[in-house]
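Single-structure report; data block below.
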Amino acid sequence: METIRSYDKLESFVKTHYPDPDLITLRRAYDVAEAAHAGKLRLTGQPVITHPLAVSYKLAEMGLHLNVVSAGLLHDVVEDSAVTIEDLRAQFGDDIASLVESVTKLKHTVKYVGEERYAENMRKMFLAMAADVRVVFMKFADRLHNLQTLYGQPKNKQLRIARESLEIYAPIAGRLGMSEIKGELEDASFSYLLPKEYQDVKAQMEIKVRERGARVSRIIDQTEKMMTTNNLENFQIYGRVKRLYSLYKKMQRYDNDIEKIYDLIAVRVVVEDVEDCYATLGMIHQMFRPLPGRIKDYIAQPKPNGYQSLHTTIFAEDKTIVEFQIRTMEMHELAEYGVAAHWRYKEDGTQDLKNTRWMEELIQIQKELETKKDFMQQLEIMKIEVFRDRIFVFTPKGDVIDLPEGATPIDFAYAIHSQIGNKCTSVRVNDVVRNLDVTLRSGDIIEIITNKDRRGPNPDWLKFAKTHHARSKIRDATRSNMRQWLSGMLKKK
Ligand code: MN
């Protein structure tokens, strides 16, 4: 992530990447941010404005809607100056203001204080994600720049931020399929958390890249020539070097022997369509001998996070072993940007809450957490376990409520307010009247119907209320009803 000092650089990037961008709003957002942070310096000695500029630039690189890019410029304004959310709403409208508001709120909750707070933080991130995933993208960009300028911070803060990034942010980015940002978060954290290991892996990598670099570029040239000869058009071919933290983890599984890591430098081929992917694979196998057992068709069988590509590892004549990764542009964008790929440089990038595709992905993430434990380290499993048995449901206004799996409308009603619970008479789930004991599912929109004359909860509700909160409120209310009834009886005597 680059430190950028000038608005011009952001603007020219936006001009070249977005169709018909609203540069007036972007400029106004910059002016407000500039004025709000004027004269202030970060601990690194740089002007504060460099931070929102970098965050905003990253969001533009991710291809998010310009509202998100503008909100990136404004993300620290409310915290650092007298400008209020209401001011922003008046000047920039609802969408930008609420993005800034959500990021500001998340700031106060994501603080690391012991293991329990930690789990709570992850839960809150997940909630924010369910409500508007763009807020989490903003949080990633914010965190990434803070990590990259961490040298200005005192040692203990460096370690806390790096650990939190590695253990909370990076796994969430990974779950969302955002491998680009996940890798950047990991590498930046790695250098602070395990500085010796980081330097060691980095040095080994540099030696290997020097050793193999020339040979790999020769393989790239040969492949390129062959593809052109075979009339393939509109393809890109380039070498990619494995990220350091990912290399470090992989080496631990291979006796710390870098010689055993075949995808240290991989050759990536991005082609026009699926047909070209298989054609390219065939050509590569005609030219180089493939290593047995290393041909993987993730196009026919995508990875659980949706990753698609063809992988093969080959021997070149000079005994160089190289992995090829072949994919279409669409697969490439999905591999790098994950769920954010859906929004890349689209006209309408505002998120619709009832967008079922997004809800499906969220549910998918939850399922994956249950079944794909082997992809994660023990520690990560423990942290992510927190989400396993949770569902996420909506109020008719679109607020997200999280509940344990198996929860019923009664749990939902008490989660909103104990009086909603006590006065609850019936429920509509996705606009259909249902029984109060129906099991809710992620993505349901729930409307509780109350009757203000209702005296209190039905003790039978205890048979299907799942949350501790609802159960204790039902018991409390039932007890006080009983006391009123008893005192009524006593008065009569
Ligand atoms: Mn910030």
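The values are calculated or read from the model by the stated rules, or taken from the named source; none is laboratory data. Quick caveat, the model's predicted, so the values are computed rather than measured. With ideal geometry, Cβ positions are generated from the backbone for all residues, glycine too; neighbour counts draw on all protein chains shown.
Please work out if K473 is surrounded by 18 or more Cβ atoms within 10 Å (Cβ to Cβ) and of a type in the set (D, E, K, R).
On the way: surrounded by 18 or more Cβ atoms within 10 Å (Cβ to Cβ): yes; of a type in the set (D, E, K, R): yes.
So K473 fits the description; yes.
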Residues being within 19 Å of Y245 (Cβ to Cβ), away from the ligand (no atom under 14 Å from the Cβ) and either of a type outside the set (K, R) or under 16 Å from the mean Cα position of the chain (by Cα) (or both) - total across region 150-167 | 7
Test each condition in (1) touching a residue at least 12 places away in the same chain (Cβ under 8 Å); (2) under 26 Å from G152 (Cα atoms) for L41 and report the one that comes out false.
-> (1)
Considering L99, L66, which residue is among the hydrophobic types (A, V, I, L, M, F, W, C) and within 16 Å of the ligand (Cβ to nearest atom)?
-> L99
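Do you know which of the residues in region 18-38 that are not charged (D, E, K, R) and not in a helix (DSSP H, G or I) is surrounded by the fewest Cβ atoms within 10 Å (Cβ to Cβ)? Walk me through how you get there before you give the answer.
Filtering region 18-38 for residues not charged (D, E, K, R) gives 18-19, 21, 23-26, 29-30, 32-33, 35-38.
From the residues that got through so far, the ones that are not in a helix (DSSP H, G or I) too are 18-19, 21, 38.
Working: Y18: 19, P19: 7, P21: 17, A38: 11.
It comes out as P19.
Checking the condition within 13 Å of the ligand (Cβ to nearest atom), part of a helix (DSSP H, G or I) and over 22 Å from G152 (Cα atoms), which residue from L73, L59 passes? Let's see the steps before the verdict.
Values: L73 fails: over 22 Å from G152 (Cα atoms).
When all the criteria are applied, what remains is L59.
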Reported set for region 78-90 where residues are in a loop (DSSP other than H, G, I, E, B) and farther than 11 Å from V32 by Cβ is A82, T84
So is L147 within 16 Å of the ligand (Cβ to nearest atom) and within 24 Å of M251 (Cβ to Cβ) or not?
-> yes
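Please give the helices (runs of 4 or more DSSP H) falling wholly within region 91-197 in which 2 or more residues are of a type in the set (D, E, K, R) and modelled with pLDDT under 80.
Details: elements: 94-109, 114-131, 133-148, 155-164, 170-175, 179-193.
So the answer is 94-109, 114-131.
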